Amino acid sequence: MYLGNWTEKLASACARHPWVTIGIWVVVLAVAVVLNFSLLGDALVTEIEPTNNPESFEALDIMEERLGVSAYDTLDTIIIIRSDTLTVGDAEFRSHVEQLYGAMMALGEDIFLGGATYYMTESPLMVSPDRHSTFMNLTMPWEADEEIEKVYEIGDSFATDSFEIFYTGTAPFMADSMELGESSMMRGETIGLSAAIVILAVVFGALAAAILPIILGMVSIAVALGLTALVGQTMDLTFMITNMITMMGLAVGIDYSLFVLTRFREERQRGREKMDAIGVAGATASRAVFFSGLTVVLALTGLVIFPLSIFISMGIGSILVVLMAISASLTLLPAMLGLLGDRVNRFRIPFIQRGTTAQTYESPTGFWVWLTRTVTRVPIISLVLVVAILGCAAIPFFDRDTGMSGISGVPDYLRAKQGYNVLQEEFQMGMMDLPTQIVIDGDINAVTTQEGISRLQTLLEADTAFAGSAVALYPDVNLAVIDAYISGDSMSLQSMKSVENLRNELIPQAFPDSSVRVLVTGDTAFMVDFNDTTNAYTPYIIAYILALSFIILLLAFRSVVISTTAIIMNLLSVAAAYGLIVLVFQKGVGAEFFGFTQVEVIETWLPLFLFALLFGLSMDYHVFLLSRVRERYQQTIDNTESVSFGLRSTGRLITGAALIMVAVFGGFALGDLVMMQQMGFGLAVAIFLDATLVRCVLVPATMKLLGRRNWYLPKWLSWIPNVSLGEKPRE
């Protein structure tokens with residue numbers, strides 16, 4: 001069944017009616033901008049919520065239902081007051097603390113709902129062992145972290161020669177992290193755009209052609225953000241969705257238009273008329289863009305089915321911007337080419353004016369021809385060598401530890417990190433952002449329950465992983481809550497192990513054969529549940545992505561061999577990227593050289609996220625390369641020559657496209673947030689490996705060994721639709 005070349009018809013129609021097409025996009029862009037300014041802010045949230053109700057959230061629901069409070073309705077700010085000369089027992093120390101507390105409360109309930117000082121509670125937990133430091137714990141409304149600068153301003157005014165003031169807690173940490181994330185994104189965008197313009201200028205040799213893909217990428221981002229604002233009115237989307245849209249939009253938006261624009265220029269250099277060249281580009285490059293983009297979208301749907309809001313949000317954002325990039329490349333770009341024609345080659349750059357010509361592709365000389373001949377002359381050695389390199393790179397992944405870097409993953413110059421370090425040094429406890437809470441659901445007045453609570457508190461006191469505990473009884477609603485304060489970063493590997501031990505060892509010891517339910521919640525418990533959920537869902541999501549990718553490739557190339565080898569090669573490059581992330585960030589090899597922060601864990605969400613993203617993105621290059629190989633093969637039925645032609649006609653283009661992606665992702669890796677460093681580095685190194693070792697060596701070596709078997713399709717699959725990707729363009 002032949003589906004007809006609808007991408008050619010679409011490109012030609014848009015080119016014949018350029019002002020109508022551009023007008024539609026201008027209207028869409030204007031509406032998107034209005035939506036961004038009016039709705040986007042309200043569409044985004046900072047909390048991360050699961051959809052499968054794990055133990056940590058089940059406990060939170062019980063507390064909210066019976067006590068009428070939600071742990072995620074408020075934020076904590078911890079202000080530490082330290083004096084080298086005075087102790088908490090001195091009247092001057094007490095007066096200073098009480099005046100500072102009064103000044104904070106004077107900010108009103110919009111910023112502080114309440115709080116406590118040592119002089120109000122007399123809790124020994126709020127005084128350092130040397131009694132030269134104390135802290136006040138203040139409660140803020142959820143969104144009040146945006147006002148943290150006011151808190152800093154007032155607190156700093158109380159810093160004197162006798163007193164030092166430090167800040168930490170969830171509100172300062174979130175505010176500082178958001179500010180750091182925004183600055184990292186701006187730096188990444190600046191670096192990515194600057195590098196993209198330079199690379200495009202080198203690839204095209206003309207500024208006009210170089211700027212066109214940038215414009216389409218920015219349009220795709222703006223429209224995707226507008227759609228995000230609409231989607232956010234029906235569901236909560238985490239704030240990281242905007243980061244994903246920007247990063248993905250720059251990468252794929254530029255790449256897709258780059259491929260189409262390059263084919264148009266090539267056909268013009270072959271002597272075709274403008275409209276014919278647009279039609280051929282639509283029939284070939286646009287079709288490849290559609291199928292490679294469709295593969296990316298389907299791979300990203302794996303994130304949307306994961307039961308966690310951050311995955312769902314990042315998946316939705318990425319899908320929206322990829323769809324917009326595909327749409328812009330298939331419609332807006334042909335319309336702009338219809339208007340510009342050869343003026344797209346204006347403002348040529350001296351010394352790099354050489355265009356990619358049809359004669360160059362037909363010529364059996366040049367770097368890419370030499371590379372193909374070298375690889376295909378010894379295909380087995382080439383294949384074994386590359387597989388060995390990628391396999392060795394993947395080995396460290398099997399020794400990974402996953403978690404969330406938390407406050408240990410932010411730089412020491414942030415105020416929240418400085419305060420956290422003081423809190424640990426002086427009080428041997430973490431941020432108290434959300435303590436590990438043990439929810440006891442049952443008859444609280446029963447003797448066995450009272451004995452169990454007492455035993456559990458004794459076990460917690462004997463466990464050095466916990467800095468202290470406090471129990472609150474609510475017998476009228478059959479509930480008790482024990483707050484257990486973890487020593488150190490609540491997101492550390494040690495803290496997660498302590499919660500696992502609490503669930504698996506301490507609670508069963510304290511409540512043997514009890515009729516009450518005992519559930520553990522808090523930030524650390526949520527991280528443990530997140531790890532468990534990720535481990536449980538990952539195999540199914542990977543299988544889902546692999547199956548969809550196989551089907552799309554089968555439709556695109558009508559070959560079970562091409563589909564299978566493509567998946568295997570992508571698995572190799574992704575696995576190598578995984579291993580290098582662990583080697584650099586967890587083992588510390590090269591971390592200082594790259595300016596990265598070594599941490600004890602790899603972000604839990606990263607492997608699955610990278611798999612979905614990279615498996616889609618790496619297919620871009622595979623589809624573009626193989627579409628040219630198949631096009632040539634159908635003309636010559638010469639496998640070796642077809643592989644050589646495909647590589648020499650796309651090698652420079654794929655290299656430029658890959659460099660753009662590496663620059664964009666690498667720009668985001670240069671920020672100070674560890675999670676952004678890991679994500680940017682993983683994406684950049686995977687794309688680099690995919691565009692070099694895989695596309696330039698592994699693909700030609702494999703295709704040489706397989707010969708005509710590359711295009712094998714069993715007769716019983718002959719019924720599948722023929723989408724003609726890689727068909728010979730019309731004359």
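Taking strands (runs of 3 or more DSSP E) as the structural unit, those lying wholly within segment 431-537 and holding at least 1 residues that are at pLDDT below 85, farther than 30 Å from residue 306 by Cβ and not assigned by TED's automatic domain parsing to the domain that holds residue 674 correspond to 466-474, 479-486.
Anything in segment 118-127 that is at pLDDT 90 or above and of a type outside the set (A, V, I, L, M)? List them, or say none.
Passing the criteria: 118, 119.
Only one of the listed residues (618, 559, 563) is among the small types (Gly, Ala, Ser) and crowded, with 24+ Cβ neighbours inside 10 Å. That residue is 618.
Among the residues of segment 585-604, which ones are in a helix (DSSP H, G or I), in contact with a helix residue (DSSP H, G or I) (Cβ under 8 Å, 6 or more places away or on another chain) and within 14 Å of residue 669 (Cα to Cα)?
Our first condition is that a residue be in a helix (DSSP H, G or I); within segment 585-604, this holds for 585-586, 591-594.
Now narrow it down to the ones that are in contact with a helix residue (DSSP H, G or I) (Cβ under 8 Å, 6 or more places away or on another chain): 585-586, 591, 594.
Passing the criteria: 585, 591, 594.
Condition check: surrounded by 16 or more Cβ atoms within 10 Å (Cβ to Cβ), modelled with pLDDT of 90 or more and over 30 Å from residue 503 (Cβ atoms). Does residue 96 satisfy that? Can you show your working first?
Working: surrounded by 16 or more Cβ atoms within 10 Å (Cβ to Cβ): yes; modelled with pLDDT of 90 or more: yes; over 30 Å from residue 503 (Cβ atoms): yes.
Criteria met by residue 96.
Restricted to segment 625-731, the set of helices (runs of 4 or more DSSP H) holding at least 3 residues that are at pLDDT below 80, assigned by TED's automatic domain parsing to the domain that holds residue 579 and within 31 Å of the chain's Cα centre (by Cα) comprises 639-669. Flag: residue 31 matches the condition of being surrounded by 13 or more Cβ atoms within 10 Å (Cβ to Cβ) and out of contact with any strand residue (DSSP E or B) (no Cβ under 6 Å at 6 or more places or on another chain).
Show me the helices (runs of 4 or more DSSP H) found entirely inside segment 1-117 where at least 2 residues are farther than 30 Å from residue 532 by Cβ.
Numbers: elements: 6-16, 18-43, 55-67, 91-105.
Output list reads 6-16, 18-43, 91-105.
Looking at 286, 327, just one residue is in a helix (DSSP H, G or I), of a type in the set (Gly, Ala, Ser), surrounded by 24 or more Cβ atoms within 10 Å (Cβ to Cβ) and modelled with pLDDT of 85 or more, and that residue is 286.
Of all the residues in segment 154-182, those that are under 18 Å from residue 94 (Cβ atoms) and of a type in the set (A, V, I, L, M) number 2.
Quick one: is residue 262 farther than 18 Å from residue 684 by Cβ, in contact (Cβ under 8 Å) with a residue 12 or more places away in the chain and in contact with a Leu (Cβ under 9 Å, 6 or more places away or on another chain)?
Considered against the rule, which asks whether it is farther than 18 Å from residue 684 by Cβ, in contact (Cβ under 8 Å) with a residue 12 or more places away in the chain and in contact with a Leu (Cβ under 9 Å, 6 or more places away or on another chain), residue 262 comes out as yes.
Step by step: first the residues of segment 126-174, then only those that are part of a helix (DSSP H, G or I) and of a type in the set (Asp, Glu), then the one that is nearest to residue 426 (Cα to Cα). Which residue is that? Per the criteria, the residue is 156. Run residue 477 past the list (1) touching a residue at least 12 places away in the same chain (Cβ under 8 Å); (2) more than 31 Å from the chain's Cα centre (by Cα); (3) under 21 Å from residue 137 (Cβ atoms) and report the number of the one that doesn't hold. Here residue 477 clears every test but (3). The residues of segment 137-159 that are modelled with pLDDT under 90 and hydroxyl-bearing (Ser, Thr, Tyr) amount to a single one, 139.
Of a type in the set (Phe, Trp, Tyr), over 19 Å from the mean Cα position of the chain (by Cα) and surrounded by fewer than 17 Cβ atoms within 10 Å (Cβ to Cβ) - does that describe any residue in segment 583-600? Let's see the steps before the verdict.
First pass over segment 583-600, keeping only residues of a type in the set (Phe, Trp, Tyr): 585, 593-594, 596.
Pick out the ones that are also over 19 Å from the mean Cα position of the chain (by Cα) and you get 593-594.
Pick out the ones that are also surrounded by fewer than 17 Cβ atoms within 10 Å (Cβ to Cβ) and you get 593-594.
Looking through segment 583-600, at least one residue is of a type in the set (Phe, Trp, Tyr), over 19 Å from the mean Cα position of the chain (by Cα) and surrounded by fewer than 17 Cβ atoms within 10 Å (Cβ to Cβ).
Going by the structure shown, is residue 114 within 43 Å of the chain's Cα centre (by Cα) and free of Cβ contacts under 8 Å to residues at least 24 places away in the same chain?
Working: within 43 Å of the chain's Cα centre (by Cα): yes; free of Cβ contacts under 8 Å to residues at least 24 places away in the same chain: no.
Considered against the rule, which asks whether it is within 43 Å of the chain's Cα centre (by Cα) and free of Cβ contacts under 8 Å to residues at least 24 places away in the same chain, residue 114 comes out as no.
Annotation note: Cβ proximity below 7 Å between a residue of segment 41-60 that is farther than 15 Å from residue 525 by Cβ and a residue that is part of a loop (DSSP other than H, G, I, E, B) and of a type in the set (Ser, Thr, Tyr) (sequence gap 6+ or interchain) occurs for 47/72. For segment 164-210, a residue qualifies if it is over 26 Å from the mean Cα position of the chain (by Cα) and surrounded by fewer than 17 Cβ atoms within 10 Å (Cβ to Cβ), and the qualifying residues are 164, 202, 207, 208.
The values are calculated or read from the model by the stated rules, or taken from the named source; none is laboratory data. Quick caveat, the model's predicted, so the values are computed rather than measured. In this analysis, Cβ positions are derived from the backbone assuming ideal geometry, glycine residues included, and neighbour counts consider all displayed protein chains.
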